[in-house]
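Q: I am attaching a structure below and will ask some questions about it afterwards.
The values are calculated or read from the model by the stated rules, or taken from the named source; none is laboratory data. Since the model is a prediction, treat every value here as computed from it, not as a measurement. A quick note on method: Cβ atoms are made from the backbone with ideal geometry, for glycine too, and the neighbour counts reach across all protein chains shown.
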Amino acid sequence: MPEIDALLINPVSARMIPAFVPHGLLYIASFAIKRGYRVAIYDRNVESDNLEDILKKFRPRMVGMGCLTGTAIDDAVVVSRRVRSFDPSVKIVWGGIHTTLYPDSVLKNDFVDFVVVGDGEKAFSGLLDVIAGNSDAIESVDNIGYKDSRQIKFTRRSFLNPDELPQPAWHLISVENYLRRKFYADRVITINTSRGCPYKCSFCCVPRVHTGKWRGVSAEKIIENLKYLKENYKIDAFQVDDDEFDIDRARVLKLCELLRHSRLNLKWSHFSRINIAKEEVLKIENECGLRLVEFGVESGSPRMLRFLNKGQTVEQIINVYSMCKKLKIRASALFMIGLPTENNDDLAATVRLINKINPYISLCTIYRPYPGTELFDYCLDNKLFNYNDDLDKVGAIYAQTNNTSEIGTRLLLRVKSYFDRRNILNEILYIITRFRIGLFIY
């Protein structure tokens, strides 16, 4: 007799503390718990317990994993095979972005019994109903793939309203392992308040994963979550970890109103787009505790911005950073180098722009082609990148630098190193000028 109905596993992507919050698993768990199922979460990025010991302890009926494309797939494959070896009767379910984009290549493996495509809360609980014998109609469970006499079949794709979901199952993880110290607070937790994005940046898979839809949690429900986190885990700040947080301006303003009246006294930050940043909104957010905004600058080359279908200009970028300085809001910049067709002139334009706007943090990454994006297809069509959807080979592809640009790899690495060092210097200067010596230890 199983000790629990389901064990949700977060494969290793970056073994570190503080770790990235496994938001998807927290929501899937809370929905299943509400349906009466017994669920546990095992995050291999922070927990040192041996997998076999965990399996012996919980004896799950079903194991679920969510995967991003990249090296996390290596660990997910290892875990799946070890679960199968430990107890062949345990059903193994894969979900997440990679599975949503490549459900066939995942489900064809003998160590995967089911896949979840898209939203996983109802789908995973629906599978639990089938496995537990509470339902025999697997075809009625939306958003899944399964094997029928060695033939792969998929059910209808549907989209849920995230506002109807119960709050995340924070009690299933050690929240202390996910609290970060930042310049504006000492106990910062990341939260998720929406899904999807209506924009179509050519480097991003989100439009394809969510089919262009955006769905948000209400301001009231966000506040409910924050109150729980403050009361139970003493958070003093939160970071909104959405792909597109502030597309719904009315929701943002309502959240600010509720933050003001709730007296939670929380500082916060979020990601944003240059083309939707408005001074009057940022001013209100700042008055309600906003201390940092992170913008997707992406490039300082007008040609590359058009190529990326970013919907913003260099002039707009400069104006938004000037606006943030005026409002005394720190603004970080996320940008890529080594993009397809990018040349030395484009790279120089990006470096000039970043130096000009002088962001708080300059998060420079060397571009990698990810499935589900227009640029991924462009790289394959132009033989700039080799991809193999065999799960045993995907991780190795992304464990190395893949230079798809016209710029030398050594130069790309030097530019990235330059910005990394500058970020460290900025942090040290901030600590010295604010006497926040505790951040040195962090």
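Q: Does the stretch 356-373 hold any residues that are in a loop (DSSP other than H, G, I, E, B) and either within 16 Å of Asp389 (Cβ to Cβ) or not hydrophobic (A, V, I, L, M, F, W, C) (or both), and which are they?
A: Asn358, Pro359, Tyr360, Tyr367, Arg368, Pro369, Tyr370, Pro371, Gly372, Thr373
Q: Are there any pairs, at least 6 apart or on different chains, whose C-beta atoms fall under 8 Å, with the first in the stretch 134-163 and closer than 15 Å to Asp113 by Cα and the second surrounded by fewer than 12 Cβ atoms within 10 Å (Cβ to Cβ) and of a type in the set (Lys, Arg), and if so, which?
A: If the second residue must be surrounded by fewer than 12 Cβ atoms within 10 Å (Cβ to Cβ) and of a type in the set (Lys, Arg), the pairs left are Asn143/Arg156.
Q: Within the stretch 41-68, take every residue that is under 21 Å from Val115 (Cβ atoms) and among the small types (Gly, Ala, Ser) and give me the one that is surrounded by the fewest Cβ atoms within 10 Å (Cβ to Cβ).
A: Gly66
Q: For the subset of the stretch 223-245 comprising residues that are over 17 Å from Arg181 (Cβ atoms) and among the aromatic types (Phe, Trp, Tyr), which member is surrounded by the fewest Cβ atoms within 10 Å (Cβ to Cβ)?
A: Only one residue tops the list, namely Tyr228.
Q: Can you tell me which residue is surrounded by the fewest Cβ atoms within 10 Å (Cβ to Cβ) among those in the stretch 93-133 that are at positive phi and in contact (Cβ under 8 Å) with a residue 12 or more places away in the chain?
A: So, considering only residues that are at positive phi and in contact (Cβ under 8 Å) with a residue 12 or more places away in the chain, the one surrounded by the fewest Cβ atoms within 10 Å (Cβ to Cβ) is Gly118.
Q: Within the stretch 400-408, can one find any residue that is in the same structural domain as Ile354 (by TED's automatic domain parsing) and assigned to a helix (DSSP H, G or I)?
A: No: the stretch 400-408 contains no residue that is in the same structural domain as Ile354 (by TED's automatic domain parsing) and assigned to a helix (DSSP H, G or I).
Q: While we're here: Quick one: in the stretch 366-395, of everything that is of a type in the set (S, T, N, Q) and either in contact with a helix residue (DSSP H, G or I) (Cβ under 8 Å, 6 or more places away or on another chain) or buried (at least 16 other Cβ atoms within 10 Å of the Cβ) (or both), which residue is farthest from Gly96 (Cα to Cα)?
A: Among them, the one singled out is Asn386.
Q: In the stretch 141-176, what count of residues is obtained for those that are small (Gly, Ala, Ser) and either in a helix (DSSP H, G or I) or in contact with a Pro (Cβ under 8 Å, 6 or more places away or on another chain) (or both)?
A: Within the stretch 141-176, residues that are small (Gly, Ala, Ser) and either in a helix (DSSP H, G or I) or in contact with a Pro (Cβ under 8 Å, 6 or more places away or on another chain) (or both) number 1.
Q: What pairs come out if I take residues in the stretch 379-408 that are closer than 17 Å to Ser202 by Cα and pair them with residues that are loosely packed, with under 12 Cβ neighbours inside 10 Å whose C-beta lies under 9 Å away, six or more apart or interchain?
A: What qualifies is Leu380/Asn386; Thr404/Asn382.
Table: residues versus (1) among the charged types (D, E, K, R); (2) modelled with pLDDT of 95 or more.
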position	(1), (2)
Ile366	no, yes
Thr373	no, yes
Phe376	no, yes
Leu380	no, yes
Asn386	no, no
Asp392	yes, no
Tyr398	no, no
Thr401	no, no
Glu406	yes, yes
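Q: Ok, one more. Please work out which residue is farthest from the chain's Cα centre (by Cα), limiting yourself to the stretch 177-202 and to residues that are part of a strand (DSSP E or B) and within 19 Å of Ala219 (Cβ to Cβ).
A: Among them, the one singled out is Ile189.
Q: Take the stretch 341-383 and flag every residue that is among the basic types (Lys, Arg) and under 19 Å from the mean Cα position of the chain (by Cα).
A: Arg368
Q: Something else about it: Which one of these does Ser174 not meet: (1) assigned by TED's automatic domain parsing to the domain that holds Gly372; (2) within 28 Å of Ile97 (Cβ to Cβ)?
A: It is condition (1) that Ser174 fails.
Q: So which residues in the stretch 193-214 are surrounded by fewer than 19 Cβ atoms within 10 Å (Cβ to Cβ) and on the phi > 0 side of the Ramachandran plot?
A: Residues satisfying the conditions are Thr211, Gly212.
Q: Of all residues in the stretch 145-165, which are closer than 16 Å to Phe111 by Cα and touching a Gly at 6+ places or on another chain (Cβ under 7 Å)?
A: Hit for the stretch 145-165 is Ile152, nothing else.
Q: Provide a single number: the residues in the stretch 274-293 that are crowded, with 21+ Cβ neighbours inside 10 Å and charged (D, E, K, R).
A: Residues flagged as crowded, with 21+ Cβ neighbours inside 10 Å and charged (D, E, K, R) within the stretch 274-293 amount to 1.
Q: Testing Asp148 on (1) closer than 30 Å to Ile17 by Cα; (2) in the same structural domain as Ser48 (by TED's automatic domain parsing); (3) not polar (S, T, N, Q), one condition comes back false. Which one is that?
A: Exception for Asp148: condition (1).
Q: Hey, another quick one. For residues that are surrounded by 15 or more Cβ atoms within 10 Å (Cβ to Cβ) and at negative phi, tally how many sit in the stretch 134-146.
A: 6
Q: Residues being part of a helix (DSSP H, G or I) and of a type outside the set (Val, Ile, Thr): count how many of those fall in the stretch 85-120.
A: The number of residues fulfilling the criteria is 8.
Q: Take the residues of the stretch 252-271 that are surrounded by fewer than 18 Cβ atoms within 10 Å (Cβ to Cβ) and charged (D, E, K, R): which is modelled with the lowest pLDDT?
A: Arg263
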